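The values are calculated or read from the model by the stated rules, or taken from the named source; none is laboratory data. Only a predicted model underlies this, so the values are computations on that prediction, with no experimental measurement involved. A quick note on method: Cβ atoms are made from the backbone with ideal geometry, for glycine too, and the neighbour counts reach across all protein chains shown. All accessible areas refer to the heavy atoms of the entire protein, side chains included, with ligands and DNA or RNA removed. Shrake-Rupley method; radii C 1.70, N 1.55, O 1.52, S 1.80 Å.
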Amino acid sequence: SQQGEEDPQALSIQEGENATMNCSYKTSINNLQWYRQNSGRGLVHLILIRSNEREKHSGRLRVTLDTSKKSSSLLITASRAADTASYFCATGDTGRRALTFGSGTRLQVQP
Amino acid sequence: EAQVTQNPRYLITVTGKKLTVTCSQNMNHEYMSWYRQDPGLGLRQIYYSMNVEVTDKGDVPEGYKVSRKEKRNFPLILESPSPNQTSLYFCASSLGISNEQFFGPGTRLTVL
């Protein structure tokens with residue numbers, strides 16, 4: 001079953017705009033991670049937020065976590081064409097020794 | 001350079017012909033994992049390993065085997081591949097389950 005579900009499934013914006021992706025999950029988590037994947041390539045870790053954290057920043061990335069709503073958002077500010085990729089959230093479940101990935105958001109940044 | 005390597009990167013095979021996809025990491029990570037990625041389904045975990053000689057099933061283990069005889073290697077074995085195992089496979093490693101995972105470049109497998 002899909003623990004993390006990203007929304008929207010696809011997003012197209014212009015360079016310079018902000019991109020926001022959301023992730024919802026179902027069970028209690030230890031942490032939530034965001035990954036990026038360029039077409040057909042391996043995933044690259046972007047940021048990890050622990051269950052006791054509410055917000056985290058890394059460069060142009062801002063992640064929020066609302067454990068009461070079981071949701072997270074990834075904001076990419078001032079997007080660039082090079083940000084075009086698929087973005088996945090992954091949850092570390094308190095009951096499992098595994099990460100569960102959602103089906104991803106495909107982001108297209110038009111130059 | 002810290003990395004996860006997979007071989008082969010591309011493989012076309014026929015139903016029933018046993019194959020092994022190798023995975024190796026040079027970061028002394030304890031946790032290793034195999035995923036398959038299919039359109040619209042995201043990444044699904046096949047098997048994972050917490051340490052040497054410790055492996056466990058993920059969400060979609062049927063038709064696959066793994067072994068962890070050494071810390072750095074975690075091969076994925078398909079004893080009798082079938083067309084529904086046509087997919088993009090990723091190996092990943094990390095210090096622990098709660099840590100950042102490092103992914104290999106992927107193996108695109110086609111079973112005819």
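So if R0 is 35 Å, what FRET efficiency would B:Glu1 and A:Thr64 give, r being the distance between their Cβ atoms, rounded to the nearest 0.05? Between B:Glu1 and A:Thr64 the formula returns 0.60. When DSSP beta bridges are restricted to pairs lying wholly in chain A, around 90% turn out antiparallel.
Normalised by the number of residues in chain A, the average gap of Cα pairs under 8 Å and 6 or more apart makes the relative contact order 39 percent. In terms of accessible area, using a 1.4 Å probe and ignoring ligands and nucleic acids, B:Arg36, A:Arg80, A:Arg62 rank largest first as A:Arg80, A:Arg62, B:Arg36. Given a 1.4 Å probe and the protein chains as shown, B:Tyr64 ends up with an accessible area of around 10 Å². Gap in Å between the Cα centre of the range B:52-112 and the Cα centre of the range A:1-62? A separation of 23 Å, based on Cα centres. For chain A, the solvent-accessible area with a 1.4 angstrom probe is 47 square angstrom per residue. Positive end of the dipole of chain A (Cβ unit charges, origin at the Cα centre): among A:Ile13, A:Ser39, A:Phe101, the Cα lying farthest that way belongs to A:Phe101. Counting only protein heavy atoms and using a 1.4 Å probe, the accessible area of A:Ser12 comes to about 80 Å².
So, taking all protein chains as they sit and a 1.4 Å probe, how much accessible area belongs to A:Thr77, in Å² rounded to tens? Its accessible surface works out to 50 Å², give or take rounding. Heavy-atom accessible area with a 1.4 Å probe sorts B:Met32, B:Met27, largest first, into B:Met27, B:Met32.
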